[in-house]
Each structure stands twice: as C-alpha cells, then as structure tokens.
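The values are calculated or read from the model by the stated rules, or taken from the named source; none is laboratory data. The model shown is predicted, which means the values in this text are computed figures rather than measured ones. Note that we place each Cβ from the backbone using ideal geometry, even for glycine, and neighbour counts take in every protein chain shown.
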Amino acid sequence: MVSLWLSLVYFYILKGEAREHMRDWWDGSYVCLMYPDAVPSGSKISKLYRKLSDPDLQLRFTRKYMEAVLSGSGIHGILIDSTGMPNAISMDKREVWNHDGSCDEGARLIYVCERNTGLPLAARTISGNIIDASTIANTIDDLERVGVCTDFAILDAGYYTDANIRLLHEKKIAFVTRIKKNRKLYKEIFNRNRPGLEDAANLVSFNGRVLYIKKVPCVLAESIEAYSYIVLDTKMQGLESAQALSGPIEDKVNREELERIRSMCGTFMMVSSEELDPSEILPLYYTRGQIEQVFDIAKGSAELLQLGLHSEETFDGHVFVSFLAVIICHLLQRLFLNERMTTSEALGALRNHKCKLYDNGDMVPYESKKKQNLCYDLIKVKPQKKHFDKCPSIW
C-alpha cells in the first residue's frame, strides 16, 4: 500500500491527469521499476484513498511533519486562507456557496502556511457554504493539537469578526487583517479620517506604486486597542473612479453624492493589533501572496481539482495526497528558485535523462547533460547503475 501511495504522489506531481490514465503513465515510468508490485487500478486507488482519509493516520502524519519542519514548539507567523473545490460528489460537504460574487457547489479547502517561507503546514476541508469567519477557532485549535503555537497571523477580510478578534487577543496572537467597506468600523474610521488623507506626509512607495497611508488608533471588539491604516492607491483611484462615476454622472446625481463616491475609490483599510510604521503595513500584509501561490501549486501542479471521486472518504484521501504533492512541489520550487529555473523546467530536464535496461535486469544511466547535472547537484543525488529482479514486460 505504501508503494502505491508513493506512486500516486509522484503521478500527481509528474503527470497530473485523471487517475484512469495512471496505469499508462506507470507502465512507462521509472516508478514501475521502483515499485513493481504497485500496479495501479481504479479499485486499488479508491481503497487507498479511503485508507488515507482516516483522521488518526492524517494526525500522525501531521505531528511527524511538524517535528520535521519546525525547529521548536512555536512558529512566528502564519497565513490562513481558503479556496473553493467545485464538485458534484455525493457527500455532506457539498453545498452551494456564494463567495466574492461567484456562486458554485462543492466543498471548501483551508490551507495554513508559514509566513516567511510560504511552506504549507496544514489543510482541512469544510462544507462549501461555511463562511471563512466561522473557521478560525477550529483551525487554530487543530494547529495547537499538532504543536503549532503561533504568535502572529495574517488574515483576509473574510475572517474579521469581533468574536475572532477576541479569540486572537485571548490567545495572544498578534494579527493584521483587511476590513471590508460595509463594516461599521470601516465607515466610522473612514468618514473621520478621509479628509487630509492626501497629505504629502502620508505618501508611501510600495512596489513601484504611490500610495497615501494614514495610521489611526482604534478600538476593536469594543475593548481591544489596535491601529487602523487607511490606504489610498492613486493608480486604482483613477481606474475605479472611471467605473464608479460614469453611471451617477449620466444620472445627474448631486454633487455631494458624487464626491462621496469619488472619495471611496482606490481606498481600503487594514487593522493591526501591533503598532507599525505606515511603510511596513503593506509589505507585511501582502506576504499573503505566498498562500495564493500555494493554491496555484495545488490547482496547477498537484491536481487538487481532478475530482473524479465518488464519496467523502475518497475525496478526503485525494485532498491528503494533493497536500503531500503541494509540500513537495513547494520545496522543489524554493530549491530551484535561486538557479532561476522553474520546477517544470527542472523536472522536464530530469525526465529526459534516459537509461539502458538490459534483459538481466541491469539498468545503466546514460551520461547526464549540464542542466541535469545542475539539478542532481541541487537535490544531492547522482544517477547510479542498479539491478532489478523484476522488469515490466513493456520495458
């Protein structure tokens, strides 16, 4: 079963197609030499998924994984976000959701990543119609049970509620989060502080963009002292103004309403439990981009959305295998990054390194090329002559 499990992880990373094609890939892959008894089939893969969906097995893996990647009992900074997994699988987690204006049916997947490196730490699935704000307590509880006691979290606007702010405060977890414009807190702070925002003293440069940022002390959840940061993005102001004002101008809306609409274009707000310089808030918040990259890896390289499954057990097993593939892809991405080489480029170069297989079972690699040697040096592996007692007939 272990050999099939590893073969499946390799298939997710290297091939990435529907599992019904895995046998064709396995027959012509080096994996069939490594694991000759792991001949894939639909029934075997479904059985494996059901086994891997076991919560106790996943908990044991997570604890071992945390011991391997964490240097101590805590970790400074996590990123939490979720993504939709549209599907028609008959299970309790399949629900209709409306997220950021898009309506679909399926489950949602929550990822937790380490802030500095973007390394995936944990994954959990929930019903599609559960809102993000309802998931923070259980997500943090799950992390604590596997030894991750963080002191800092960066969250998207969907996670902001008074209850969540109190929870983070009680657990002494500092935070930075964005605030939606429809919240009372946003409206109160914005209306008081929008005048004077475009003062030269508030100018900040970030990633080639010019912004105005004003820091204002505030109170969250009725009693928790914090700091709000009102941001005006001059580039987005022009783009949003053209869209937001064209209709009201044609409708001959009064001057006061036009000014109100214009004043909100290009603006957004963040809050932080710690006092930060205005120039620090955006670089810190936008480390969230790392978890977006992890979702891109999951959907593009780890086959998260290849959902030809038939039950909640097989669904959970698939998500677990995909999570393992995401970890490996992320580590490979970091490994090859300094060499200005993409993971796909590196794996493609290694895939083209051929060998000669003799009828007595001896395998002799051909001479490796420059790019292949570079990859081998990075992963600290060298191709060697091997002997296999059993060779597939296709070879």
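Is there a residue being closer than 30 Å to residue 124 by Cα and either without any contact (Cβ under 8 Å) to a residue 60 or more places away in the chain or in contact with a strand residue (DSSP E or B) (Cβ under 9 Å, 6 or more places away or on another chain) (or both) anywhere in region 182-189? The answer is yes; a qualifying residue exists.
Yes or no, residue by residue, for (1) surrounded by 13 or more Cβ atoms within 10 Å (Cβ to Cβ); (2) under 29 Å from residue 56 (Cβ atoms):
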position: 144; (1), (2): no, yes
position: 147; (1), (2): yes, yes
position: 172; (1), (2): no, no
position: 183; (1), (2): yes, no
position: 194; (1), (2): yes, no
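Of the residues contained in region 64-76, none is found to be of a type in the set (Lys, Arg) and surrounded by 13 or more Cβ atoms within 10 Å (Cβ to Cβ). Beta carbons closer than 6 Å, at least 6 apart along the sequence or on distinct chains, pair a first residue in region 31-60 that is touching a residue at least 60 places away in the same chain (Cβ under 8 Å) with a second that is aliphatic (A, V, I, L, M) for 48/4.
Remark: pairs (first residue in region 273-285, touching a residue at least 12 places away in the same chain (Cβ under 8 Å) and within 15 Å of residue 203 (Cα to Cα); second residue crowded, with 16+ Cβ neighbours inside 10 Å and of a type in the set (Val, Ile, Thr); Cβ separation under 6 Å; 6+ apart in sequence or on different chains) = 278/204; 278/213; 279/204. For region 118-134, the set of residues classified as over 14 Å from the mean Cα position of the chain (by Cα) and either among the small types (Gly, Ala, Ser) or not in a strand (DSSP E or B) (or both) consists of 127, 128, 129, 130, 131, 132, 133, 134, listed by residue number. Yes or no: region 300-315 includes at least one residue that is in contact with a Cys (Cβ under 9 Å, 6 or more places away or on another chain) and either buried (at least 18 other Cβ atoms within 10 Å of the Cβ) or in contact (Cβ under 8 Å) with a residue 12 or more places away in the chain (or both). Among the residues of region 300-315, at least one is in contact with a Cys (Cβ under 9 Å, 6 or more places away or on another chain) and either buried (at least 18 other Cβ atoms within 10 Å of the Cβ) or in contact (Cβ under 8 Å) with a residue 12 or more places away in the chain (or both), which makes the answer yes. Can you confirm whether residue 54 is surrounded by fewer than 15 Cβ atoms within 10 Å (Cβ to Cβ) and at pLDDT 90 or above? Against the criterion (surrounded by fewer than 15 Cβ atoms within 10 Å (Cβ to Cβ) and at pLDDT 90 or above), residue 54 qualifies. When residue 342 is tested against (1) surrounded by 15 or more Cβ atoms within 10 Å (Cβ to Cβ); (2) more than 25 Å from residue 49 (Cα to Cα); (3) among the polar types (S, T, N, Q), exactly one condition is not met: (1). Which one of 203, 211 is surrounded by fewer than 19 Cβ atoms within 10 Å (Cβ to Cβ), in contact with a strand residue (DSSP E or B) (Cβ under 9 Å, 6 or more places away or on another chain) and aliphatic (A, V, I, L, M)? 203 is the lone residue from the list that is surrounded by fewer than 19 Cβ atoms within 10 Å (Cβ to Cβ), in contact with a strand residue (DSSP E or B) (Cβ under 9 Å, 6 or more places away or on another chain) and aliphatic (A, V, I, L, M).
Scanning region 206-233 for residues that are hydroxyl-bearing (Ser, Thr, Tyr) and touching a residue at least 40 places away in the same chain (Cβ under 8 Å) gives 227, 228, 229. Tallying residues that are surrounded by 19 or more Cβ atoms within 10 Å (Cβ to Cβ), in contact with a Leu (Cβ under 9 Å, 6 or more places away or on another chain) and among the hydroxyl-bearing types (Ser, Thr, Tyr) within region 271-291 yields 2.
Taking every residue in region 5-27 that is surrounded by fewer than 21 Cβ atoms within 10 Å (Cβ to Cβ) and pairing it with any residue that is part of a helix (DSSP H, G or I) and of a type in the set (Lys, Arg), at least 6 positions away or on another chain, the pairs with Cβ-Cβ distances below 9 Å are 5/51; 14/351. Just one of (1) surrounded by fewer than 13 Cβ atoms within 10 Å (Cβ to Cβ); (2) of a type in the set (Asp, Glu); (3) not in a helix (DSSP H, G or I) fails for residue 188. It is (3). When 360, 373 are checked against the criterion of being in a helix (DSSP H, G or I), farther than 30 Å from residue 20 by Cα and more than 22 Å from the chain's Cα centre (by Cα), 373 stands alone in meeting it. Within region 32-83, the residues that satisfy the criterion of being among the aromatic types (Phe, Trp, Tyr) and either touching a strand residue (DSSP E or B) at 6+ places or on another chain (Cβ under 8 Å) or within 28 Å of residue 296 (Cα to Cα) (or both) are 49, 61, 65.
Looking across region 214-245, the residues that are surrounded by fewer than 14 Cβ atoms within 10 Å (Cβ to Cβ) and part of a helix (DSSP H, G or I) come down to 234, 235, 238, 239, 242, 243.
Taken over region 246-259, the criterion of being among the β-branched types (Val, Ile, Thr) and either at pLDDT 80 or above or in a loop (DSSP other than H, G, I, E, B) (or both) is satisfied by 253 alone.
Here residue 371 meets each of (1) out of contact with any helix residue (DSSP H, G or I) (no Cβ under 7 Å at 6 or more places or on another chain); (2) of a type in the set (Lys, Arg); (3) surrounded by 13 or more Cβ atoms within 10 Å (Cβ to Cβ) with one exception, condition (1).
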